[in-house]
Amino acid sequence: MAPIGQTVPQTTPTAALSRARERARLLPDCLVEARRIANTVIAGWHGRKKKGIGENFWQFRPFVEGDSLTRIDWRRSARDDHTYIRDREWEAAHTIWLWASLSPSMMYKSTLGMVSKESRALVLMLATAEIMARSGERIGCPGVMEPVSARNAAERLATALLHADLSSSLPQTEMIRGSSDVVLFGDFLERPDDVIARLQPLSRRGLRGHVVEVSDPAEETFPYAGRIEFSDPATGQKFLSGRSELLRDEYRQLYFARRETLRDDLRHLGWNFVSHSTGRPASEALVAVHMHLSGQPGRAEHGGA
């Protein structure tokens with residue numbers, strides 16, 4: 001629910017056309033911002049390194065039971081009392097599917113947020129595409145753009161988004177096959193059970209998932225007091241509160257309980273969860289996503305909420 005005065009357009013045909021035009025004006029700026037943030041985050045990093053089949057050296061690590069004896073580096077092992085394995089860098093191109101929910105609630109922006117949730121989700125989506133494309137990965141968007149392996153993948157994705165319908169909170173994923181990563185950006189204000197029910201089939205198919213919850217600072221703090229009329233951006237339903245400050249504690253308890261339930265349920269699926277506020281720099285969330293995609297989840301925690 002958004003306070004009156006900070007409401008978003010309703011989902012009528014006229015409003016839908018207006019939103020499409022607004023997105024067309026928004027996307028070029030989002031692409032510029034995405035590239036700026038990507039350049040900041042990727043500085044000093046060289047691709048999405050992980051162990052696998054390839055020719056380039058990646059790292060030495062201690063030998064553990066189950067490792068092939070043919071991978072032991074005897075020269076390195078001779079330096080001390082440990083046996084070391086020589087890992088190589090994974091060189092096969094990977095497919096990254098990106099999705100940003102542009103449902104009506106994503107248009108919300110309070111005076112505490114830097115930008116709307118929609119703008120931030122688009123920037124993070126395009127910045128992720130920019131970084132992954134530079135690493136040689138294939139970038140796709142379910143129902144919007146087939147996976148492409150190109151340096152200008154972010155620009156091609158932005159162009160495809162101009163004519164796409166991303167009004168649903170979760171994408172259709174029938175076209176996603178094989179081993180891929182799926183990165184979802186949205187506010188995920190639905191019941192956690194409903195979200196997990198949509199994602200569970202993807203997990204069973206072996207897809208690796210990363211969910212980025214984008215929130216506005218006002219949604220977390222509920223800074224309202226006095227007589228406030230709230231409006232649902234999707235349905236237009238209204239709720240009048242005479243003393244809004246009395247709702248704060250209960251609201252915040254329910255809001256964060258929903259987030260923790262979603263986080264725990266995703267963890268059980270083997271998926272990652274990052275919460276990000278539009279009151280914080282976009283680079284924080286981008287670092288977290290990049291680390292999860294790079295297989296460094298321990299470092300990713302520093303980019304979350």
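Every number in this text was worked out from the coordinates using simple rules, so none of it is lab data. The shown structure was predicted, so the numbers you read here are calculated from the model rather than taken from an experiment. With ideal geometry, Cβ positions are generated from the backbone for all residues, glycine too; neighbour counts draw on all protein chains shown.
Averaging the Cα positions of each part gives two centres, and for the range 192-263 and the range 119-142 these lie 25 Å apart.
Take the Cβ atoms of Arg71 and Arg177, set R0 to 30 Å, and the FRET efficiency comes out at 0.45. Between Leu254 and Asp81, residue separation times 0.36 nm minus the direct Cα-Cα distance comes to 56.8 nm. Subtracting the Cα-Cα distance of Gln200 and Asp232 from 0.36 nm times their residue separation leaves 8.7 nm of extension gain. Each label was represented as a point 7 Å from its Cα along the Cα-to-Cβ direction; for Arg156 and Thr111 these points are 4.5 nm apart. Note that the range 70-78 has calculated 3J(HN,Hα) couplings of 6, 9, 5, 9, 5, 5, 5, 5, 6 Hz, one per residue in order, obtained from phi through the Karplus relation 6.51 cos²θ - 1.76 cosθ + 1.60 (θ = phi - 60°); glycine and proline are x.
Amide H contacts for Leu112 (H built 1.01 Å from N in the peptide plane; partners 5 or more residues away or on another chain; cut-off under 5 Å): Ala218. Extension gain for the segment Phe222 to Ala24, taken as residue separation times 0.36 nm less the Cα-Cα distance, is 68.2 nm to one decimal. Database remark: amide H of Asp187 closer than 5 angstrom to the amide H of Val214 (H placed geometrically; neighbours at sequence offset of 5 or more, or on other chains; Pro and chain starts carry no H).
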